[in-house]
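Each value in this text was obtained by applying a stated rule to the coordinates, not by laboratory testing. What you are looking at is a predicted structure, and each value in this text was computed from that prediction instead of being measured. Glycine gets a Cβ as well: all are built from the backbone with ideal geometry, and neighbour counts include every protein chain shown.
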């Protein structure tokens, strides 16, 4: 998955959008895939999540976010894992946040469908999951967020569009 991503942090003013679509409670375990500086992980705790986990490829980001968690006294409620998202088990998640490009969403889709329990919420920033129909979307300024609940609704028009394009020689 590493080849799909580069660090483009969610702008601070857009962090709240995730929680508008997926409010969290003490029962939630939030995973942020590509957690960067940890802003969504820490925000999840501030919004009341019971636990939050950041998964990040860059070991320097992981070291600095672990240090920040310790300084804040949150090491029992947050965890930062230095790993490729494809190599971790997502089955404990009740909410998953992603700001990954479409190619990454396509690669992650079978993992989500296999590992995430029914009812788990997935919020995608900017890039919808192809073939899935969002339960809800939210657009503010130039940013759109997509909320899916597992198991996802399949967008039947997506496949029809692909078949038509293939048939047209496009």
**Prompt:** How would you order 139-146, 27-34, 64-71 from highest to lowest mean count of nearby Cβ atoms within 10 Å?
**Reply:** 27-34, 64-71, 139-146
**Distance (nanometres) between label positions extended 7 Å along Cα→Cβ at residue 140 and residue 109** = 2.8 nm
**Asked** At 222 nm, what helix-only mean residue ellipticity would the chain give, in deg cm²/dmol to the nearest 500, using -39500 (n - 2.57) for each DSSP H run of four or more?
**Response** -9500 deg cm²/dmol
**Asked** What's the center-to-center distance, using Cα atoms, between segment 5-38 and segment 50-94 in Å?
**Response** 12 Å
**Request:** Please work out the ratio of the alpha-carbon Rg of segment 14-167 to 2.2 N^0.38 Å and round it to two decimals.
**Result:** 1.06
**Asked** How far, in nm, would the chain grow between residue 101 and residue 87 when pulled straight, counting 0.36 nm per residue and subtracting the alpha carbon separation?
**Response** 3.2 nm
**Prompt:** Restricting the count to DSSP beta bridges whose residues both fall in the chain, what percent are antiparallel, rounded to a multiple of 5?
**Reply:** 40 percent
